[in-house]
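Here the structure is laid out as structure tokens; the discussion comes afterwards.
The values are calculated or read from the model by the stated rules, or taken from the named source; none is laboratory data. This is a predicted model, so every value here is computed, not measured. FYI the Cβ positions are ideal-geometry reconstructions off the backbone, even for glycines, and counts take in every protein chain you see. When the accessible area is computed, the model is the full protein with side chains, heavy atoms only, and any ligands, DNA or RNA have been set aside. Shrake-Rupley method; radii C 1.70, N 1.55, O 1.52, S 1.80 Å.
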Amino acid sequence: MAITTKDLQHLFALIAADIAAQRDHLCELDGAIGDGDHGLAMDAGCEAAAKAVGALGPAQAAPAAVFNAAAKAFLNAVGASSGPLYATAFLRAGAAVKDRPELGDDDFLRAFAAMAQGIQERGKAEPGEKTMVDAWKPAAEAALGAWQPGTTFPQCFEMAERAARQGCEATRNMTAAKGRASRLGERAVGHIDPGAASAVIVIAAIAKFVQQHDG
């Protein structure tokens, strides 16, 4: 079933609502190893992206334009590190589906994988460094790995969400190699990375969207 601009507007609204619901929890996680504002930053970015995307007229905006509008709005709203990371993710997703009037399953999966790769390349991070990459990379790999005959599209994203949750949980036992938490050394061990936690919320919202769309 094709994913239209209107569907993507619904997706960004879904992501914004789910991030808003977890804003305070994300700030608590960040307070333990960072400066405590990750929930506020993600909430501001996702709300701005959803608003910008929602203002587009479905008739004149192709899916790539949706992702590009989200990227610009997120970056304008968030000065913290998550701003450039998610802006890059959305720009890469837009580039992956360029010229498509609507998205097939393959296109959407390609956009999802492009987001994960964009975040990893922009952040110059590898799995195991206690960042959102620990959730995004395994999620993209799980979705791509599952996409074969006999697996439904929603199942691919169920696996992506599961892999993201496992990756996020694994950050609890890591020392941080990037960002403010890296200054804490061993004291960061025992705390989940807030960026990985917010990535799980975004990925779970995408999985929910796919389930509703294909259900």
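Observations
- Given K98/K208; K6/K208; K137/K208; K72/K98; K6/K98, the pairs whose alpha carbons are separated by over 21 Å: K98/K208
- Rolling a 1.4 angstrom probe over the protein heavy atoms with all chains in place gives segment 1-128 an accessible area of 44 Å² per residue.
- Segment 41-53 - phi-based ³J(HN,Hα) in whole Hz, Karplus 6.51/-1.76/1.60, Gly and Pro as x: 5, 5, 5, 4, x, 5, 5, 5, 5, 4, 5, 5, 5
- FRET E, pair A2, T175, Förster distance 30 Å, beta-carbon r, rounded to 0.05: 0.10
- Here the simple spin-label model places points 7 Å from the Cα toward Cβ, and for Q212 and V189 these points are separated by 4.2 nm.
- Computed from the C-beta positions of Q148 and A95 and an R0 of 30 Å, the FRET efficiency is 0.75 to the nearest 0.05.
- Projecting the Cα positions of C156, A70, P138 onto the charge dipole of the chain (unit charges on Cβ atoms of Lys, Arg, Asp and Glu, taken about the Cα centre) puts A70 furthest along the positive direction.
- A simple charge model with +1 on the Cβ of Lys and Arg, -1 on the Cβ of Asp and Glu and nothing else charged puts the dipole of the chain at about 420 debye relative to its Cα centre.
- Span from the segment 22-90 Cα centroid across to the segment 133-181 one, whole angstrom: 20 Å
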